[in-house]
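The values are calculated or read from the model by the stated rules, or taken from the named source; none is laboratory data. Only a predicted model underlies this, so the values are computations on that prediction, with no experimental measurement involved. Methodologically, a virtual Cβ is constructed for each residue, glycine included, from the backbone with ideal geometry; neighbour enumeration extends over all protein chains shown. Heads up: the accessible areas ignore ligands, DNA and RNA and are worked out on the full protein's heavy atoms, side chains in. Shrake-Rupley method; radii C 1.70, N 1.55, O 1.52, S 1.80 Å.
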Amino acid sequence: MLAQTLAGLLARRGIHYAWVVAAVTFLVALTTAGAVGIPSALILPLGREFGWDTAQISSALAIRLLLFGLMAPFAAALIERYGVRRMVLMAITMIVIGLGGALVMNRVWQLIVAWGIIVGIGTGMTALVLSAIVANRWFAARRGLVLGVLTASSATGQLVFLPLAASIAEHWGWRGALLPSMGALVLGGVLVALFLRDRPADLGLSPYGASEIVPAPSGAPSGAAIGRAFVVLREASVSPIFWILAGTFMICGLSTSGLIQTHFISLCVDYGMAPVAAASVLAMMGFFDIFGTIGSGWLSDRYDPRKLLFWYYGLRGLSLLYLPYSSFSVYGLSLFAMFYGLDWIATVPPTVKLAANAFGRERASIIFGWIFAVHQLGGAAAAYGAGLSRTLASTYLPAFFVAGAACLLAALLALGAGTRTTAVPAIAGE
C-alpha cells in the first residue's frame, strides 16, 4: 500500500518508481557487501584471541566466498519462483544470524558455520544477480548505467564499513566491529519490506523508458527452482561464449574478492602498515571503483563489451604485478589503489551484457548466476591459497604474481566472447 501511494506521488512529479527500487537495491547490496568484506579486517584480531593461523581463518572465508557464488544461479531461480522481496528478506535474516553467531564462537568449526556457511548462503542470495534482475526488470533505458551503479555498491560497502570495522576492532575489539554492519542490515530489511516490489507491473507501471506495462511471463517457472537452474546451465553449456565468460570471470574472482578483499590488510601489515591505514587504502580502492563501475555501465551501453573487458583485465593484471614493487609507501599504494580500484568490479556490466546478448534477457539472470558461481570458485581458491602461502612460505607474494598473470590471460580470452545471439534451445515453460 505504501509503495503504491509513493509510486503515485512520484509519478505526478515525473519520477519513475524504478529509481526507488534501485535505491533500495543499492542499500541492500551495500550492506551485504559490508558483511562479505568485514571479516577480512578481522583476520589478525581473531588470530590473536584464539590462536588460529591464517590458513585456518582463510578456510572459513574461502567457504563464504564459495557459497556466495554457488548460491547465485539458485538465487536467480528462487527469485523468479518466489519473488524478489521475499528472498531478499530471507537473505538479510540469514546474514544477521551468521554475523551474530560469531559473537559467541570459540572454535574454528563455529567460525566456518557462522561466517562460512550461513553468511555465505545469505550473501549469495543477494549477490550481483539481484542487481542484474532489478536492472533487467525495472529499466528498459539506462540499464547499463543502473547496473553499473548497483554493482558499485559493493565498493561503497567497503568504503563505508571496512575502515570503521578496522578502527572499532583496534579500539574496542572485533565483536564490536560487527555491530554497525548488523544494524545497517536490519535497516535495509525494513526498507525492503516497505518499498521493494518484484516487477513494475505490480504497481501498474511500465519499466523505466518503456511505454507498455510488461506483465510477468505467462510461462513463469512453476517447478523446482533448483531443477530450473540446472536446466538452464545444461542448455547454456553448449555455447563456447558461456565458457569464455565463466573462465574470465573466475579469474576476476581470483584477483578481487579472494585475494585483495580477503588478504590485502594482512599483506600491508606484513610490510609494516597499521591495520586501520591498510583498511583505508582498501576503502580508497572502493572509492575509485564507484566511478570505474558506473563508468563501465555507461560505456557498456555504447561500446563493444569484449574490448572493454580486454582493457579492464589487462590493467588489473599490470596493477597486481606492480604491487610488490610499490614499496608499500603512501605514494605507491595510492597509485595502485587508483588503477586497481577503477576496474575492481567494472567487469560486471560488460559481462552481463554479453550474457544477455548471447542467451536472451529472461535467461540471462540465471546464466549470469552460474558465471558468478565460477567467479567465486576463483575467489575461494585465492582466499585459501593465499592464506596457505602466507602460512607455509611466510609471504603472500606468489599469490599476487599468479593473479596478475591470470588477468593478462583473461584479457586475451575476453576478445573471443562473441556478441551475436547464440541459438540456445528454449526451456520448457518459457
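Calculate, for region 56-176, the solvent-accessible area per residue in square angstrom, rolling a 1.4 angstrom probe over the heavy atoms of the protein chains. Spell out each step's value before the answer.
Numbers: 3880 Å² over 121 residues.
I get 32 Å² per residue for this part.
Place the peptides 232-240, 343-351, 246-254, 160-168 in order of packing, highest mean first, counting for every residue the other Cβ atoms within 10 Å and averaging per peptide. Display every interim value, and only then the final one.
Numbers: 232-240: 16.7, 343-351: 28.7, 246-254: 26.1, 160-168: 23.2.
Put in order of decreasing packing, that is 343-351, 246-254, 160-168, 232-240.
3J(HN,Hα) couplings calculated from phi for region 272-289 with the Karplus curve 6.51 cos²θ - 1.76 cosθ + 1.60 (θ = phi - 60°) are, in sequence order, x, 8, 6, x, 5, 5, 5, 5, 5, 5, 4, 5, 4, 4, x, 4, 5, 5 Hz; Gly and Pro show x. Shown in residue order for region 48-61 are the 3J(HN,Hα) couplings computed by the Karplus curve 6.51 cos²θ - 1.76 cosθ + 1.60 at θ = phi - 60°: 5, 6, 9, x, 7, 8, 4, 5, 5, 5, 5, 5, 5, 5 Hz (x for Gly and Pro).
How would region 241-302 be classified by its alpha-carbon gyration tensor: rounded, prolate or oblate, with rounded meaning a/c under 1.5 and the a/b versus b/c comparison settling the rest? Cα axes put region 241-302 in the oblate bin.
Close amide H pairs (under 5 Å, H built 1.01 Å from N) link F139 with Y208, residues at least 5 positions away or on another chain. Across region 322-328, rounded Karplus estimates of 3J(HN,Hα) from the backbone phi angles (6.51 cos²θ - 1.76 cosθ + 1.60, θ = phi - 60°) give 6, 3, x, 9, 6, 6, 6 Hz, Gly and Pro being marked x.
Classify region 1-137: rounded, prolate or oblate, from the alpha-carbon gyration tensor (a ≥ b ≥ c, eigenvalue square roots; a/c under 1.5 rounded; otherwise prolate if a/b is larger than b/c)? It is prolate, given that a/c is not under 1.5 and a/b is the larger ratio.
When ranked by the protection proxy of mean other Cβ atoms within 10 Å per residue, highest first, what sequence do the peptides 380-391, 265-276 form?
On the way: 380-391: 23.6, 265-276: 18.2.
Peptide ranking by packing, descending: 380-391, 265-276.
In region 17-134, carbon and sulfur make up what percent of the accessible area (probe 1.4 Å)? Working shown, then result.
On the way: 2340 of 3460 Å².
That share works out to 68 percent.
Protection proxy ranking for 171-179, 8-16, using the average of other Cβ atoms within 10 Å per residue and placing the highest first: 171-179, 8-16.
Tell me, what % of the accessible area of region 277-327 is carbon and sulfur with a 1.4 angstrom probe?
On region 277-327, the fraction of accessible area on carbon and sulfur atoms equals 73 percent.
For the chain, the longest principal axis of the C-alpha atoms and the axis of helix 240-255 are separated by about 40°.
Treating each Cα of region 1-61 as one equal point scatterer and applying the Debye formula with no solvent, the log10 of I(q)/I(0) at q = 0.19, 0.27 Å⁻¹ comes out as -0.75, -1.02. Put simply, the amide H of T395, placed in the peptide plane, has neighbours under 5 Å in R390, leaving out anything fewer than 5 places away on its chain.
For mean projected area of the Cα convex hull in nm², the value calculated from this model appears in (i) 19.4; (ii) 24.4; (iii) 26.4 under label (i).
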